[in-house]
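What follows is a single structure, written as structure tokens, with notes after it.
The values are calculated or read from the model by the stated rules, or taken from the named source; none is laboratory data. Please read all numbers here as calculations on a predicted model, not as lab measurements. A quick note on method: Cβ atoms are made from the backbone with ideal geometry, for glycine too, and the neighbour counts reach across all protein chains shown. For the accessible areas, the whole protein counts, side chains as well, though only heavy atoms, and no ligand, DNA or RNA atoms are used. Shrake-Rupley method; radii C 1.70, N 1.55, O 1.52, S 1.80 Å.
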Amino acid sequence: MFLTLLFLHASLSCSRPEPVPVGRAGKDAGQWYDDKFSMFIHWGIYSVPGGVWDGEPVSRGYSEQIQAHAGIYSDVYAALAERFDPQRWDPDSIVLLAKAAGMRSVVITSKHHDGFCMFRSDHTGYNVAEATPYGRDVIKELAEACERHGLRFGLYFSLIDWHYPPAYPISSHNADPIPDEHHRYNMNQVRELLTRYGPISELWFDMGSLGPGQSRELRDLVHELQPETMVSGRLGNDMGDFTVLGDNEVPDYTLDTPWQTPASMFHETWSYRSWQERGDPAVKIREKLEDLITVVSRGGNYLLNIGPRGDGSVVEFEREVLLGIGRWLEVNGEAIYGTRPAGIYGSPPWGEITSACNRLYLHIFDPPANGMISLQGIQGRVTGAYMLDNPATGIGNSNAGNRNSNISIGNSDPGSTITISLPAGGDFSDIRVAVLEFEDGFTAVPENTVGLYPFGETQVLDRRNSHQHFSFSGVDYYSSFRSIVRESWTFDGEAAGTWKPYLWYSSAEKGRKLEIVTPEGIRLVELSGGEEVWLDRDSPQQRSSNTNAGFTAIERGNATGGGPDGDHPAGIPSGISFGEQHVNGPHSMRIDRITGMEGNVDTGRPWPGPGGREWEALVTGEDGLTRKPAGRNHCWYLWQEIRSEAEQDLLVRLRRTDGVQVFLNGSEIYLHNNPGKDELVEDIVLLPLIAGPNELLVKFYNRFGRTTAFAAGYDTPQLLYRKTLDGFSLSGQAGQQVSWHLHDPVSLHSNMAMPNLRLELEYIGR
């Protein structure tokens, strides 16, 4: 049995290098992006108790937050500084351990939530140089050690502070707003860190819930003082140069922007915990290696933490794990450092794939029983195939000369299959890497390409047949969600010819600018002008006979005209009827959570399950809004049945005070937050109705207010715009793409929030 691997579009060679993601204003993330693997250190006066207080283990929460979780008075906790005298701390040995582990940089907690500074600060005496018998500047000495041994140096900095009185009040979720005086204090300390300790590779902000202006001020300060320093996304408000995923999160998708997974040895804690059950180091080495490889294969960086003891020594278990990873990287590091995602769709059942220059690296976690791996849809001539830990022994390749002999390849057919025979009797108990070398790069063509035939019909590109490219966007840690930053379509080999594109958009997108990328280049399109098209399925003037287009509409004037005539009012398209609206809540959940029950609503029963809430009839105020009590990270659901006599489109107008998630017939079709913290936000979302009953479910999310207000209605002109664009040609080579993204977004992480865009393609000829 052969295993078949399906690829998304990717094209890579040394002569055509994959672009490195860039941050805002073109900030080059190249060196940071190529490092891939770094050391995180959580160390401070919280390391002295080691997760124990009053003789008892504190199992609640992370041990670095023991002050909060054990309910320790601030003066009692501050006295720990008098016991902090880490005579076994050796910054050179720490850096050399990181280097032996194959790590390219070290990031240490300069100040955690407890407010204790591991650096000398002019703005508080609560620091390691002045308040401890150790009396030395930990950050200074570690920065110097990194410079001596050739590693880059980064800093973690908590934006909340349990010791600084102007930072109050402080809540259990660690994401409170930052008062102005506290913000100035943070700015002053960041200035100290960036002017006293040499080059800083990254500044790892954490927690708090800053205003947009505060996040921007901190980001601009960092870039002013050290333009090459990368700012973490936990600064909030999409002001980071790179996205930070949740703790220990390993995604099953690729992100388009620079990103990082912070990982702890154990999910229970980051700092030293004396009573932690550690287990077998070999098991942990394998676990962390698989996570590292998977993160890198998705385009991310991996930041693996250690928590030294209060005396400064490294836990032997953690040292052994790092050295085990380092031994693997010493042999296989070529398949990690500086690599890019291979463009695959999902993960193969046997492992992961990375790529660089003219190579594919197959990381084999679990080799197939028959020793055969098949890669389908790869375009490119393979010239070599071998195991990275033994390059002299080829895997077998009929095109690779006398070193290899038995690989079967078809290189000219876009659907060709590369079949790899792994070494017979080889030991695959450890993760091994097979290498494929290509003569002049490769292109990976996905199975789900877009076919633009039969040519007599109009074809449509929209979110339903696109490949979505992601980052993470959010005001703060809890309101972050997977944002869509680009959409693309890959064409098969039958798409040769010239195509006339028509761009459809709604009033929600009007006035915004879009960059559309075709094989002929990038074109800037402003969403203005064009024909007005009023939704009406009964019109004899149908826009297209292709039901995939979703439009059976009539034209009304143009975008600058006066709207529909009296025969066709801007009302609901005919053949549509509405059921009553019901609401359910409040529920405690994140903005982007999907329960799995979105397509299974019965308003006569509790939801989302037997222990859930009862549905109630919607009650609105004079302004048409429904107001409900809601705490932080609470949401309310609105449900309505919509019946349609045929497949057709309908525009719904949503009003909300915070985030929104829209489901139609159980599938998510829209997700967005309130990045500006505006008092009221309005969305217009196109609903592609099916014939018969449709279920609309809208989740209205609340992050900051004590109440939430929302509405879903159809009191909006059922109007779309159709703008004619200049044509473009496709050569007929499989793997060509069309894509679009926002022009000059606020941030590279900003959600496109343009759910109603459609590109209609009319075939002109060859």
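Picking from Ser274, Ser264, which residue would you name as being at pLDDT 95 or above and open to solvent by less than 10 Å² (accessible area, probe 1.4 Å)? Even if it seems obvious, please write down each step before you answer.
On the way: Ser274 fails: open to solvent by less than 10 Å² (accessible area, probe 1.4 Å).
After ruling out the rest, the residue left standing is Ser264.
Quick grid of which residues meet (1) under 19 Å from Asn584 (Cα atoms); (2) modelled with pLDDT under 95:
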residue	(1), (2)
Gly666	yes, no
Tyr670	no, no
Leu687	no, no
Arg703	yes, yes
Thr716	no, yes
His741	no, no
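Suppose we filter region 503-518 for residues that are surrounded by 19 or more Cβ atoms within 10 Å (Cβ to Cβ) and in contact with a strand residue (DSSP E or B) (Cβ under 6 Å, 6 or more places away or on another chain); how many remain? Selection size over region 503-518: 8.
If a residue has to be of a type in the set (Gly, Ala, Ser) and over 30 Å from the mean Cα position of the chain (by Cα) to count, how many in region 181-212 make the cut?
The first filter runs over region 181-212 and keeps only residues of a type in the set (Gly, Ala, Ser), leaving 198, 201, 208-209, 211.
Within this subset, residues satisfying the condition of being over 30 Å from the mean Cα position of the chain (by Cα) are 198.
So the count comes out to 1.
Against the criterion of being open to solvent by less than 20 Å² (accessible area, probe 1.4 Å), closer than 18 Å to Pro573 by Cβ and in the same structural domain as Ser480 (by the TED database), Asn756 qualifies.
Give the residues of region 78-105 that are hydroxyl-bearing (Ser, Thr, Tyr) and either surrounded by fewer than 19 Cβ atoms within 10 Å (Cβ to Cβ) or without any contact (Cβ under 8 Å) to a residue 12 or more places away in the chain (or both), sorted by residue number. Give the steps one after another, and end with the answer.
Taking region 78-105 first, the residues hydroxyl-bearing (Ser, Thr, Tyr) are 93, 105.
Correct list: Ser93 only.
Residue count for region 665-690, restricted to those that are open to solvent by 60 Å² or more (accessible area, probe 1.4 Å) and farther than 28 Å from Asp476 by Cα: 2.
Does Thr393 meet the test of being at pLDDT 85 or above, of a type in the set (Val, Ile, Thr) and not assigned by the TED database to the domain that holds Leu329? Quick ask: steps written out before the conclusion?
Details: at pLDDT 85 or above: no; of a type in the set (Val, Ile, Thr): yes; not assigned by the TED database to the domain that holds Leu329: yes.
Spelling it out, it is not the case that Thr393 is at pLDDT 85 or above, of a type in the set (Val, Ile, Thr) and not assigned by the TED database to the domain that holds Leu329.
The C-beta contact set for region 614-637 (first residue without any contact (Cβ under 8 Å) to a residue 60 or more places away in the chain and among the hydrophobic types (A, V, I, L, M, F, W, C), second residue in a loop (DSSP other than H, G, I, E, B) and open to solvent by 70 Å² or more (accessible area, probe 1.4 Å), distance under 7 angstrom, 6+ apart or interchain) comprises Ala617/Glu580.
Could you please let me know if Ile108 is touching a residue at least 40 places away in the same chain (Cβ under 8 Å), part of a strand (DSSP E or B) and over 20 Å from Met187 (Cβ atoms)?
Working: touching a residue at least 40 places away in the same chain (Cβ under 8 Å): yes; part of a strand (DSSP E or B): yes; over 20 Å from Met187 (Cβ atoms): yes.
Yes; evaluated as a whole, the condition is true for this residue.
So in region 152-194, with the set limited to residues that are touching a strand residue (DSSP E or B) at 6+ places or on another chain (Cβ under 8 Å) and of a type in the set (Phe, Trp, Tyr), which one is nearest to Gly30 (Cα to Cα)? Once the filter is applied, the top-ranked residue is Phe153.
Taking the conditions (1) in a strand (DSSP E or B); (2) surrounded by fewer than 19 Cβ atoms within 10 Å (Cβ to Cβ); (3) not polar (S, T, N, Q) in turn, Leu697 satisfies each one other than (2). Take the conditions (1) more than 23 Å from Asp238 (Cβ to Cβ); (2) buried (at least 22 other Cβ atoms within 10 Å of the Cβ); Glu192 misses just one of them, which is (2). Regarding Val138, is this residue buried (at least 22 other Cβ atoms within 10 Å of the Cβ) and of a type in the set (A, V, I, L, M)? Yes.
Among the residues examined, Thr498 does not qualify as within 16 Å of Phe728 (Cα to Cα) and open to solvent by less than 30 Å² (accessible area, probe 1.4 Å). If you go through region 220-240 and pick out every residue that is of a type in the set (D, E, K, R), over 20 Å from Met39 (Cβ atoms) and touching a residue at least 40 places away in the same chain (Cβ under 8 Å), you end up with 1. Would you check if Glu330 is modelled with pLDDT of 90 or more, charged (D, E, K, R), assigned to a helix (DSSP H, G or I) and touching a strand residue (DSSP E or B) at 6+ places or on another chain (Cβ under 8 Å)? No, not satisfied.
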